[in-house]
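S.K.: The structure that follows is given in the form of structure tokens.
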Amino acid sequence: MANQIFGGEFPPRMVKATRNDLIEKMKEMVPYYTPEWRFTPEDPDPGTALFLLFADMFIDNVDRFNRIPLKHRVEFLNLLNLSMLDAKPARSYVTFFLSSGAGVGQYLPAGTQVAALAEDGGEDIPFATDSPLWVTPAQLVNLVVTQSAGDRIIDQSAFVRAESGGAALALFDQVHGENVQEHSLVLGHADLLLLHSPARVEIELQDSTARYRESEYAAKLANPAYVEWQYSTDDGWQAFDTVQATGNRILLEKKPIGHDHAADGNGAGNSPDPLPRVGRTTRGTVSKR
């Protein structure tokens, strides 16, 4: 068996003649040596049959001769006490599908027989599963890839739902898709953070191990390039009107957005527009950069 090493064929064919080469050579020689003989390999007479028998035996000897370099190489390696690695079973992956319309899954025990088509057209190659498997009719709906080193959570559900226009998706792709990673500090209180009216919220920072850095922390947390401060409403999160740092404090200000209800003598409010419903939570979210 020939192997490709060092960019060439090994073992090298010292004699490159083939059976067809011998037949063509015989056709060239017959008119000069035995012109009265008709050499017809397609419809052989006794003389032609004798030559074909000789050609087969000659090519067998050529094949044996061409295997000499390989035998010499093996003997050389034997002098070094080298041996071939133990044979290992071939391994691959196989996908099982349930029949169309199957409503329940199917259990496949370890050792389930499958077969692969032989590339040379020979008999199928048998394989056996090495672990049990439950084949389920469930379909993949969402796909999320996490990357702790890059602080990313990539939502690739669009590829699963065929919304990507047929684009291919690499396994564990951490680039394509929306990064849904979010870091938030959420503060809540039933009364103190119920921001119906204009309000000012002060958040004081303390670090017992590095008091000198408290002002630095406050300045960074009040910088909109790093953190966005919001309060909750029925319409979602709304940004505070002003955010600033003073010393080790973060000042969050919500400016007037309506008029207070002023009750008349009957207890009815005279404001035409009701105040928006506001939740009881405030959050600071790290900006995505």
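The values are calculated or read from the model by the stated rules, or taken from the named source; none is laboratory data. Everything quoted here is computed from the prediction, not taken from an experiment. Glycine also receives a Cβ, built like all others from the backbone with ideal geometry; neighbour counts cover every protein chain displayed.
S.K.: Kindly indicate whether any position in the stretch 102-112 is in a helix (DSSP H, G or I), surrounded by 12 or more Cβ atoms within 10 Å (Cβ to Cβ) and either of a type in the set (S, T, N, Q) or modelled with pLDDT of 90 or more (or both).
M.R.: Within the stretch 102-112, none of the residues are in a helix (DSSP H, G or I), surrounded by 12 or more Cβ atoms within 10 Å (Cβ to Cβ) and either of a type in the set (S, T, N, Q) or modelled with pLDDT of 90 or more (or both).
S.K.: A further question on this structure: Quick one: how many residues across the stretch 42-55 are part of a helix (DSSP H, G or I) and either of a type outside the set (Gly, Ala, Ser) or under 17 Å from residue 29 (Cβ atoms) (or both)? Walk me through it before giving the result.
M.R.: We begin by selecting, within the stretch 42-55, every residue part of a helix (DSSP H, G or I); these are 46-55.
When the remaining residues are screened for being either of a type outside the set (Gly, Ala, Ser) or under 17 Å from residue 29 (Cβ atoms) (or both), the result is 46-48, 50-55.
Total satisfying the criteria: 9.
S.K.: Can you pull out every residue in the stretch 61-96 that is surrounded by 10 or more Cβ atoms within 10 Å (Cβ to Cβ) and assigned to a loop (DSSP other than H, G, I, E, B)?
M.R.: Correct list: 67, 94, 96.
S.K.: Do you know which of the residues in the stretch 182-226 that are in contact (Cβ under 8 Å) with a residue 12 or more places away in the chain and aromatic (Phe, Trp, Tyr) is surrounded by the most Cβ atoms within 10 Å (Cβ to Cβ)?
M.R.: Among residues in the stretch 182-226 that are in contact (Cβ under 8 Å) with a residue 12 or more places away in the chain and aromatic (Phe, Trp, Tyr), the one surrounded by the most Cβ atoms within 10 Å (Cβ to Cβ) is 217.
S.K.: May I pose another question? Among 36, 24, which is the only one that is assigned to a helix (DSSP H, G or I) and among the acidic types (Asp, Glu)?
M.R.: When all the criteria are applied, what remains is 24.
S.K.: Still on this structure, I have one more. What pairs come out if I take residues in the stretch 248-264 that are more than 13 Å from residue 196 (Cα to Cα) and pair them with residues that are at pLDDT 90 or above and of a type in the set (D, E, K, R) whose C-beta lies under 6 Å away, six or more apart or interchain?
M.R.: As it stands, the answer is 248/214; 249/202; 249/204; 251/202, since those pairs meet every condition given.
S.K.: Shifting gears a bit: Name the one entry in 197, 184, 148, 164 that is of a type in the set (S, T, N, Q), closer than 30 Å to residue 105 by Cβ and either at pLDDT 80 or above or not assigned by TED's automatic domain parsing to the domain that holds residue 240 (or both). Don't jump to the end; show me each part of the working.
M.R.: Working: 197 fails: closer than 30 Å to residue 105 by Cβ; 184 fails: closer than 30 Å to residue 105 by Cβ; 148 fails: closer than 30 Å to residue 105 by Cβ.
Result: 164 is the single residue among 197, 184, 148, 164 that is of a type in the set (S, T, N, Q), closer than 30 Å to residue 105 by Cβ and either at pLDDT 80 or above or not assigned by TED's automatic domain parsing to the domain that holds residue 240 (or both).
S.K.: So, of the residues in the stretch 221-255 that are under 17 Å from residue 183 (Cα atoms) and not in a strand (DSSP E or B), which turns out to be farthest from the chain's Cα centre (by Cα)?
M.R.: Once the filter is applied, the top-ranked residue is 222.
S.K.: Let me ask something additional. Taking the options 84, 14, 57, 26, name whichever one is more than 30 Å from residue 140 (Cα to Cα), under 36 Å from the mean Cα position of the chain (by Cα) and not assigned by TED's automatic domain parsing to the domain that holds residue 125. Show your work before the answer.
M.R.: Working: 14 fails: under 36 Å from the mean Cα position of the chain (by Cα); 57 fails: under 36 Å from the mean Cα position of the chain (by Cα); 26 fails: under 36 Å from the mean Cα position of the chain (by Cα).
Sole residue among the options that is more than 30 Å from residue 140 (Cα to Cα), under 36 Å from the mean Cα position of the chain (by Cα) and not assigned by TED's automatic domain parsing to the domain that holds residue 125: 84.
S.K.: Which one of these is part of a strand (DSSP E or B) and either in contact with an Asp or Glu (Cβ under 7 Å, 6 or more places away or on another chain) or hydrophobic (A, V, I, L, M, F, W, C) (or both): 58, 127? Even if it seems obvious, please write down each step before you answer.
M.R.: Numbers: 58 fails: part of a strand (DSSP E or B).
127 is the lone residue from the list that is part of a strand (DSSP E or B) and either in contact with an Asp or Glu (Cβ under 7 Å, 6 or more places away or on another chain) or hydrophobic (A, V, I, L, M, F, W, C) (or both).
S.K.: Does any residue of the stretch 115-132 turn out to be under 28 Å from residue 174 (Cα atoms) and of a type in the set (Phe, Trp, Tyr)?
M.R.: no
S.K.: If you don't mind, another one. Name the residues in the stretch 130-156 that are part of a loop (DSSP other than H, G, I, E, B) and surrounded by 10 or more Cβ atoms within 10 Å (Cβ to Cβ), would you? Step through it out loud before you land on a result.
M.R.: Looking only at the stretch 130-156, we keep the residues that are part of a loop (DSSP other than H, G, I, E, B), and these are 130-132, 136-143, 148-151, 156.
Matches in the stretch 130-156: 130, 132, 136, 137, 142, 143, 150, 151, 156.
S.K.: Here's a follow-up. Give the stretch 25-66 a look and list any residue that's farther than 30 Å from residue 12 by Cα and of a type in the set (Lys, Arg), or say none.
M.R.: Once the filter is applied, which keeps residues that are farther than 30 Å from residue 12 by Cα and of a type in the set (Lys, Arg), the stretch 25-66 yields only 38.
S.K.: Moving to a separate point now. From the list 35, 89, 31, exactly one residue is without any contact (Cβ under 8 Å) to a residue 60 or more places away in the chain and closer than 30 Å to residue 115 by Cα. Which is it?
M.R.: So the residue among 35, 89, 31 that is without any contact (Cβ under 8 Å) to a residue 60 or more places away in the chain and closer than 30 Å to residue 115 by Cα is 89.
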